[in-house]
Structures are given as structure tokens and as C-alpha cells.
1. Among the residues that make up the range 135-146, is at least one of them modelled with pLDDT of 85 or more, closer than 15 Å to MET72 by Cβ and among the hydrophobic types (A, V, I, L, M, F, W, C)?
2. Among (1) of a type outside the set (Asp, Glu); (2) closer than 28 Å to LEU84 by Cα; (3) part of a loop (DSSP other than H, G, I, E, B); (4) without any contact (Cβ under 8 Å) to a residue 40 or more places away in the chain, there is one condition SER177 misses while meeting the rest; what is its number?
3. So, of the residues in the range 180-224 that are more than 17 Å from LEU86 (Cβ to Cβ) and of a type in the set (S, T, N, Q), which turns out to be least open to solvent (accessible area, probe 1.4 Å)?
4. Would you list the helices (runs of 4 or more DSSP H) that sit entirely within the range 68-171 and hold 1 or more residues that are crowded, with 22+ Cβ neighbours inside 10 Å, touching a residue at least 24 places away in the same chain (Cβ under 8 Å) and of a type in the set (Val, Ile, Thr)?
5. Go through the range 124-156 and report how many residues are within 14 Å of LEU71 (Cα to Cα) and more than 14 Å from the chain's Cα centre (by Cα).
Amino acid sequence: MSSTTTPHATASQPATSLNAVWERLAHAQVLRRRALGVLGTLAVLVLPWIGSAWPDSGSLHQGLEWAGLALMVLALLGRCACMLYLGGRKGADLVAEGPYSISRNPLYVFSMLAVLGIGLQTGSLTVGLVLALAAFGVFRWIVSEEERMLRAAFGAPFEAYCARVPRFLPRWAAWRSPQHVTVDLQGVWKTVRDALPYFLSIPVFEAIEAAQDAGWVHVRLWLY
């Protein structure tokens with residue numbers, strides 16, 4: 001899960017047991033990346049044949065594209081904010097401050113916003129929502145797996161955290177943060193680097209629209 005660091009062994013949790021839990025958690029993350037890769041591949045294959053029902057030069061089409069760009073920027077900044085609280089942590093504690101005080105999975109929340117923003121670059125709200133819902137399905141599944149393992153690793157502290165903080169939808173009134181945090185600059189830079197491909201969707205979908213307008217690709221489905 002996004003909100004934890006590697007668990008250490010305790011008297012009640014043998015090192016071998018915790019190591020097994022952590023290995024399963026790492027495997028779950030691999031499955032998540034593969035699932036998102038499959039969805040991304042399907043999107044690349046299907047979206048060239050889908051067009052926006054809004055005129056390319058119209059205010060609605062352009063507005064959706066700008067809204068998508070804003071969401072991608074928000075996702076980038078939000079993921080960096082998460083790393084300010086997550087990246088410098090060491091030990092077996094749960095990260096429950098900053099973004100993690102209002103949502104147990106803020107990294108996933110910002111990732112879903114990024115996917116929505118990417119989809120809106122097509123000029124279609126429907127495409128954006130479908131992609132975001134598909135990403136939500138993947139994240140909801142993997143979070144269920146992660147939480148089962150984290151309960152085994154952290155026990156009562158994790159149960160209390162779940163009772164206090166929503167799984168996805170932020171509870172803004174619950175925000176809390178220390179005055180100072182330890183920042184892992186390398187982790188923040190890695191987060192920025194990993195998020196930069198979001199913005200490749202802009203030239204990619206512009207190229208698809210140009211190919212559709214030129215008649216090189218024939219749209220089979222028009223969506224608003």
C-alpha cells in the first residue's frame with residue numbers, strides 16, 4: 001500500500017512471517033503494473049478509432065483538453081506531496097500524516113486523476129470517465145490485496161488507521177501534518193520522472209486527431 005514502509009519484525013510477528021507478507025505485497029504491486037500496462041495497451045489500440053463528438057475547435061472540446069491538462073498537473077503535484085511525507089520514512093510505522101491523513105491511498109487517487117486527465121485529451125468526457133473507472137477497478141482490487149497483507153503485518157494500528165481514514169475519497173477535515181518532514185529528494189525526483197509521461201498524451205492525441213481529420217484513420221465511434 002502507498003501509506004506504509006517496509007515492516008520490521010516484532011516479538012509477535014516473526015521476521016520470516018513479515019518477510020513473506022512483504023514479498024506478497026511486492027508481487028501484488030507487480031500485478032498492478034501489469035494490469036495497468038494491459039489497460040494502456042488496449043487504450044492505444046482502441047482510441048484511434050474513437051472520436052470526440054464535440055468539434056475540435058469548439059469550446060467544449062478545448063475546455064475538456066485544458067481540464068485534462070490541469071488534472072495531470074494536479075496529479076503530478078499531488079504525487080510529489082505524497083513523497084514529501086512517504087519518501088523520508090524509515091522503520092515499521094504507518095504513514096498517517098499529510099495526504100495520508102485524509103486518504104489511505106492518495107497516490108492512487110492522484111493516479112486516477114491523471115488517467116482521467118489523459119482521457120480528456122481526446123476531447124471526450126466519456127473516454128476520460130471510462131479510463132478513470134478502469135483504473136479505479138485495478139486500484140480497488142490491488143488495495144484489497146494490500147490491506148489484507150498489511151493487517152497481518154501491522155495488526156491493530158492498521159485497523160485503527162482504516163477506521164479513521166477513508167480508503168480513497170479524501171476526508172479534508174482530518175488533515176494533520178507535523179511542522180517539519182524529512183524529504184527524500186531522490187524519491188521526489190523519481191516521482192516527477194515517472195509522472196512526466198502523462199503529458200505525452202497531449203501530442204499523441206493531437207496526432208490521432210490530425211490523422212482522423214486527414215482521413216488516414218476512420219472513426220468508428222463518436223463519443224461526447
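1. First, pick out the residues of the range 135-146 that are modelled with pLDDT of 85 or more: 135-144.
If we keep only those that are closer than 15 Å to MET72 by Cβ too, we end up with 135.
With the extra rule that they be among the hydrophobic types (A, V, I, L, M, F, W, C), the set shrinks to 135.
Checked against the condition, which is being modelled with pLDDT of 85 or more, closer than 15 Å to MET72 by Cβ and among the hydrophobic types (A, V, I, L, M, F, W, C), the range 135-146 yields at least one hit.
2. (4)
3. Going through the qualifying residues, I end up with SER201.
4. Here the list reads 106-120, 125-154.
5. Within the range 124-156, residues that are within 14 Å of LEU71 (Cα to Cα) and more than 14 Å from the chain's Cα centre (by Cα) number 3.
The values are calculated or read from the model by the stated rules, or taken from the named source; none is laboratory data. Keep in mind that what you see is a predicted model, and the values were worked out from it rather than measured. Cβ coordinates were reconstructed from backbone atoms using ideal geometry, including for glycine residues, and neighbour counts include every protein chain displayed. Note: accessible area is taken over every heavy atom of the protein model, side chains too, but ligands, DNA and RNA are not part of it. Shrake-Rupley method; radii C 1.70, N 1.55, O 1.52, S 1.80 Å.
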